[in-house]
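Written out below as structure tokens is the structure these notes cover.
The values are calculated or read from the model by the stated rules, or taken from the named source; none is laboratory data. As the structure is a prediction and not an experimental result, all values here were calculated from the model. So basically every Cβ, Gly included, is an ideal-geometry build from the backbone, and we count neighbours across all protein chains shown.
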Amino acid sequence: MPIFAVHYTYSEATVPGRDTYRPEHRAWLSGLVEVGTLLSSGPYPDGSGALLLLRADDETALADLLAEDPFAREKLIDAVRAVEWVPVMGAFAV
């Protein structure tokens with residue numbers, strides 16, 4: 001199953017909403033870890049966004065999955081860039 005690197009971009013304007021919905025967002029992410037869909041995720045230290053490494057059948061399935069994110073539902077993500085990623089070495093190499 002393909003792996004996708006998903007980059008979320010955040011703005012200062014969404015900080016209050018992200019603070020409010022972070023527990024729900026992290027619970028959603030934890031559920032994805034439990035079923036093996038989410039390999040890793042975390043915010044960038046400067047607060048500008050986050051990186052998620054996800055498994056999905058294809059781009060359509062990925063888009064459907066990302067739409068379930070509470071941050072997406074509440075429109076707290078300014079931009080999403082998703083690219084298929086092929087790790088050849090390290091912890092995520094196939």
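Sub-7 Å Cβ pairs linking a first residue in segment 58-87 that is in contact (Cβ under 8 Å) with a residue 24 or more places away in the chain to a second residue that is basic (Lys, Arg) and outside any strand (DSSP E or B), at least 6 apart or interchain, are 71/18; 76/18, ordered by first then second residue. For segment 37-65, a residue qualifies if it is modelled with pLDDT of 95 or more, farther than 13 Å from residue 4 by Cα and of a type outside the set (A, V, I, L, M), and the qualifying residues are 42, 43, 44, 45, 46, 48, 49, 64.
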